[in-house]
Amino acid sequence: MVSEQGQATKNVCVIGAGPSGLVAARELRKEGHTAVVLEQNHDIGGQWLYEPNVEKEDPLGKNKFLDVHSSVYDSLRIVSPREIMGFTDFPFVSKKNRDTRRFPGHKELWLYLKDFCEYFGLKEMIRFNTRVEYVGMLDYGVFGKDLKWVVKSKEKKGENRVEEVFDAVIVATGHYSQPRLPSIKGMDAWKRKQIHSHVYRVPEPFRNEVVVIVGNSLSGQDISMEIVKVAKEVYLSAKSLEVTEGLSKVISKHRNLHLYPQIQSLHEDGRVEFEDGSCVIADTIIYCTGYSYAFPFLDTKGIVGVDDNRVGPLFEHTFPPSLAPSLSFIGIPRKLIGFPFFESQAKWIAQVLSGKRKLPSYDDMMLSIKEFYRSRELAGIPVSDTHDIANFEYCDKYADYSESPHLEEWRKQLCLSAIVNSFTNLETYRDSWDDGDDELLQQALQSPHFTQLGVQP
């Protein structure tokens, strides 16, 4: 179809109604496309829709299709200040009678997404309680602009299955659901409790236990600080014993929190043996070892794959060259300011689908991917970290594809300030910061980003 402006209008399926899927729906509609969002849960939010009931989930998340999508635990607070997190035209302001902290709990972020959905009238585009079981090419083998996609979905609580054909599919299913587990000798033989942090919610079940926590990234640190208050002993097993000043302060404060090297092996009698030869008898092991990209519903005949947590080949982490633009991904990149980046992805995809923007040739896209992989390899970055960006310049360059705004300087500086503060003051950085932040905060609150809706925070 062609719009009155002479642009192509497509019938698009968006998979997932989390932050990426919601902003995709908005941008598609803005660009004149017809879009439906398929969401497996009863409400919007994706990762931010808290699910306290995890009993039905495999404790190590080994099922192909997970029962529980969210990995959010009860006490989780965001790690970035709210001022930097909002979509470009919808600031994340504090509201009366809600969680007004600069680093609020997860529910506040979910309520922000609810507000976003309501403000832009997105709910009517979403089909809830609908699990996507299959996405594949119609008439595979006939490549070209007219490639269409078959999407098979099922009502979560019923047997009703639906099969539909779309001009394009946007995968926006997030990347914090499918547990990534280490390979440890004796793991299958160890008969005591083993869980992945995906199903951790509250500390109470670990009261008076000896707990080994594997991994000292964000969730490992958070969960250690929480469990140490109820557990008998907590052993934090890390790749390196050189830790941040902030974590070092926490360890020295708690007599029952110990830093240990990586696990060498597990034994049937409950022993956990570490690489330095030391042993402890543990009741529970919690793997805070991150997540894998997983698209169990997607059949691209091997064109797009996940290899050691690298999704590829993807041009700019978004388009698989031989299937572009009819298949795209939003929300693959990590270690960046998420919502504004997802928004620039959504804008670019919507504009490419309408013909307003053109992608490079297949050969040029593949060459770009090859050069990107090579640059990461030369920089010594493991394949599993392919999608870790940690680069504001890249985000700005990416925004240029759709003429989206660059990140404001105050946004970048507040982001960096929070990271630096967390390295030094792990337990307190969400509630105390230096005067430099207060100045940046004033800049932020007086900027067009915050004044555009006429609502003063």
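The values are calculated or read from the model by the stated rules, or taken from the named source; none is laboratory data. Being a predicted model, the structure only gives us computed values, none of them experimental. Don't worry about glycine lacking a Cβ; one is built from the backbone with ideal geometry, like all the others, and counts go over all protein chains shown. What goes into the accessible areas is simple: the full protein's heavy atoms, side chains included, and nothing from ligands, DNA or RNA. Shrake-Rupley method; radii C 1.70, N 1.55, O 1.52, S 1.80 Å.
Please compute the Cα-Cα pair-distance distribution of the stretch 193-287 with 5 Å bins starting at 0, giving whole percents from short to long.
3, 14, 29, 27, 20, 7, 1, 0
Of I281, I184, which has the most accessible area and how do the rest follow, probe 1.4 Å?
Sorted by accessible area, descending: I281, I184.
Give me P(r) over the stretch 12-59, computed from all C-alpha to C-alpha distances, binned every 10 Å, as integer percentages.
26, 43, 21, 9, 1
Please give the solvent-accessible surface of W433 in Å², to the nearest 10, using a probe radius of 1.4 Å with every protein chain present.
Its heavy atoms expose roughly 80 Å² to the probe.
Between S75 and R271, how many nm apart are label points set 7 Å from Cα along the C-beta direction?
3.2
How high is the relative contact order of the chain, in percent, counting Cα pairs under 8 Å that sit 6 or more residues apart?
19 percent.
What ratio of Cα Rg to 2.2 N^0.38 Å holds for the stretch 411-452?
Output field value: 1.24.
So how far, in whole Å, is the C-alpha centre of the stretch 352-421 from the one of the stretch 263-305?
30
Can you give the % of DSSP beta bridges in the stretch 193-287 that are antiparallel, to the nearest 5?
25
Whole-Hz Karplus ³J(HN,Hα) for the stretch 172-177, in order, using 6.51 cos²θ - 1.76 cosθ + 1.60 and θ = phi - 60°, x for Gly and Pro?
Karplus-based 3J(HN,Hα) across the stretch 172-177 equals 9, 9, x, 9, 10, 10 Hz.
Just the accessible area for V199, please: 1.4 Å probe, Å², rounded to the nearest 10?
20
Using +1 at the Cβ of each Lys and Arg and -1 at the Cβ of each Asp and Glu in the chain, identify which of A172, G215, F315 lies farthest towards the dipole's positive end.
Of the options given, the answer is A172.
For E409 and T451 in one chain, what is 0.36 nm times their gap in residues minus the Cα-Cα distance, to one decimal in nm?
13.5 nm
Along its principal axes, what span do the Cα atoms of the stretch 1-148 show, with the longest given first and each in whole Å?
So the extents along the principal axes, rounded to whole Å, are 50, 41, 24.
Compute the acute angle (0 to 90°) between the alpha-carbon long axis of helix 409-424 and the principal axis of greatest extent of the alpha-carbon atoms of the chain; round to the nearest 10°.
20
For Y362, Y73, Y260, give the ranking by accessible area with the largest first, probe 1.4 Å.
Y362, Y260, Y73
Quick check: the distance between the Cα centres of the stretch 169-194 and the stretch 80-135, to the nearest angstrom?
27
If you take the square roots of the eigenvalues of the alpha-carbon gyration tensor of the stretch 284-362 and sort them as a ≥ b ≥ c, do you get rounded (a/c under 1.5), prolate (a/b over b/c) or oblate?
Since a/c reaches 1.5 but b/c is at least a/b, the shape of the stretch 284-362 is classed as oblate.
Considering only DSSP beta bridges where both residues belong to the chain, give the percentage that are antiparallel (nearest 5).
Here the share of antiparallel DSSP bridges comes out near 45 percent.
In nanometres, what is the gap between the two model label sites at L111 and S368, each 7 Å from Cα along Cα-to-Cβ?
Distance between label points: 4.1 nm.
Say a paramagnetic label sat at a point 7 Å from the Cα of K56, along Cα to Cβ; which residues of the stretch 158-192 have their backbone N under 14 Å from it?
The answer is 158-159.
What order, most packed first, do the peptides 41-48, 235-242 have when packing is the mean number of other Cβ atoms within 10 Å of each residue?
41-48, 235-242
Can you put F423, F206 in order of accessible area, largest first, using a 1.4 Å probe?
I get F423, F206, largest accessible area first.
Which whole-number percent gives the relative contact order of the stretch 193-287, counting Cα pairs below 8 Å spaced six or more residues apart?
35
Relative contact order for the stretch 354-445: what is it in percent, counting Cα pairs under 8 Å that are at least 6 residues apart?
18
Want the number for D385 to T424: 0.36 nm per residue separation, take away the alpha-carbon distance, what's left?
Value of the extension gain: 11.6 nm.
Could you work out the helix-only [θ] at 222 nm for the chain, with each DSSP H run of four or more residues adding -39,500 (n - 2.57) and the total divided by the number of residues, to the nearest 500 deg cm²/dmol?
Rounded to the nearest 500, the figure is -8000 deg cm²/dmol.
Looking at the stretch 1-125, what % of its DSSP beta bridges pair antiparallel, to the nearest 5?
Bridges in the stretch 1-125 that DSSP calls antiparallel: roughly 40 percent.
How would you classify the stretch 324-457 from its alpha-carbon gyration tensor, with a ≥ b ≥ c the square roots of the eigenvalues: rounded for a/c under 1.5, else prolate if a/b is greater than b/c, otherwise oblate?
Because a/c hits 1.5 or more and a/b fails to exceed b/c, the stretch 324-457 counts as oblate.
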